[in-house]
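Just so it is clear, none of the values below were taken in a lab; they were calculated from the coordinates. In this text the structure is predicted, and so the values were computed from the model without any measurement. Virtual Cβ from ideal backbone geometry, glycine too; neighbours counted across all protein chains shown.
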């Protein structure tokens, strides 16, 4: 089968942890590779203004990445350019003959809707449209307690939920949100747990990993991985270390926090993060480093005592899953997909309150108990074996409804008839 994968606002070739690149980029690249390994031809399309590639490049055997031209310079402008992007996709030689569209994020899904509502050529049934939201505006607003997402996006996601042939949820919690908040038909929602690259993210000796990342002289190390965003809880990570200094000054003096990530395009000021660190009296005890490739990231996970994932909203939580695969205990927020990734008390801790002191208490409990960390690390590595990309991709494909024997534009062709 020929499959068009749409990742318009961010390129799967981009380094995760900065700008608009994050777990979704990992997801798109990994599932595309699995689809190709299963014998399908995969054409990925992006219009990322900051993409590290141009033209057409091969990402993996059977997987090509195509850069679309756009005048948009950021994600907001890209959303307004969807009609032009859909037209460019329809005319692109690599799109010809695609039987399935897998669109990632609402901007790509809008373009996918345009393509499937007006398929080319007209005499044949249009491609099936599969959508992975990755984040949902209504969920982010609910979880953060602030209505910050634009109405354009909220309305678009409701329309996408009604028009797509299949919606892909990372967890049962996300599936429920699609039904309850977007009005999706439960029969058109499939839950497919994402995977982890278990060839890269593996357990290993702490001392070897510390030498690899230049931390051989460190005592106690905490790690945060991801974009510097309020929704990712970067402020909570910093404030938790400050609270630890008040709770247990001697323990805090032995503890450093390394943050691997960069500013995101969603209104984050890098200087504000540094200012928060200085204001908390943590100069020299919190270090911000740029995001790193997966092989180096795996060394970091193996080198630390705890990984912090203080997200305020999270559909899955790749940092938590990858950390566990490397045998690192995780302290994470009890939100969204993190409650499925982290097994509370077994592979780490889940913190229900967005409160730095509560976080500090959880961190203190594990830093003072090396035996518990060792048990959790071993259980975490075992748990991560359940995160499998091949199963994820196969589950999605198996759930795609067959193209009906109807002309495009009819109720049956758009999913209005019996399945």
**Message:** If R₀ is 25 angstrom, what is the calculated FRET efficiency for the pair residue 92 and residue 53, using the beta carbon separation as r and rounding to 0.05?
**Reply:** 0.95
**Request:** Arrange 27, 95 by Cβ neighbour counts within 10 Å, fewest through most, would you?
**Result:** 95, 27
**Complete:** If R0 = 56 Å, then residue 254 and residue 69, at their Cβ-Cβ distance, give a FRET efficiency to the nearest 0.05 of 0.60
**Request:** Provide 354, 369, 20 in ascending order of the number of other Cβ atoms located within 10 Å of each residue's Cβ, fewest first.
**Result:** 369, 354, 20
**Message:** If you take every DSSP beta bridge fully contained in the chain, what fraction is antiparallel? Give it as a percent rounded to 5.
**Reply:** 10
**Request:** Calculate the spin-label point distance for residue 202 paired with residue 275, positioning each point 7 Å from the Cα along the beta-carbon direction, and give it in nanometres.
**Result:** 4.6
**Estimated FRET transfer efficiency (residue 37, residue 296; beta-carbon r; R0 30 Å; 0.05)** = 0.75
**Item:** Simple spin-label estimate for residue 371 and residue 148 in nanometres, 7 Å along Cα-Cβ
**Value:** 4.3
**Request:** Take 107, 3 and order them by how many other Cβ atoms sit within 10 Å, fewest up front.
**Result:** 3, 107
**Asked** At 222 nm, what helix-only mean residue ellipticity would the chain give, in deg cm²/dmol to the nearest 500, using -39500 (n - 2.57) for each DSSP H run of four or more?
**Response** -12000 deg cm²/dmol
**Prompt:** Measuring from label point to label point, each 7 Å out along Cα→Cβ, what is the residue 15 to residue 289 span in nm?
**Reply:** 1.2
**Square roots of five times the Cα gyration tensor eigenvalues for segment 206-384, Å** = 21, 18, 17
**Asked** The list (1) 39, 21, 20; (2) 37, 25, 20; (3) 41, 32, 21 gives values of semi-axes √(5λ) of the Cα gyration tensor in Å, and only one came from this structure; which label was calculated from it?
**Response** (1)
**Asked** Ordered by packing density, taken as the mean number of other Cβ atoms within 10 Å over each peptide's residues, highest first, how do 370-382, 7-19 rank?
**Response** 7-19, 370-382
**Item:** Those residues of segment 358-398 whose amide nitrogen sits under 19 Å from the label point placed on residue 343, 7 Å along Cα→Cβ
**Value:** 371-389
**Message:** Just to be sure I understand: with springs between alpha-carbon atoms less than 10 Å apart, which residue in 172, 322, 157 has the highest mean-square fluctuation in the Gaussian network model of the chain?
**Reply:** 172
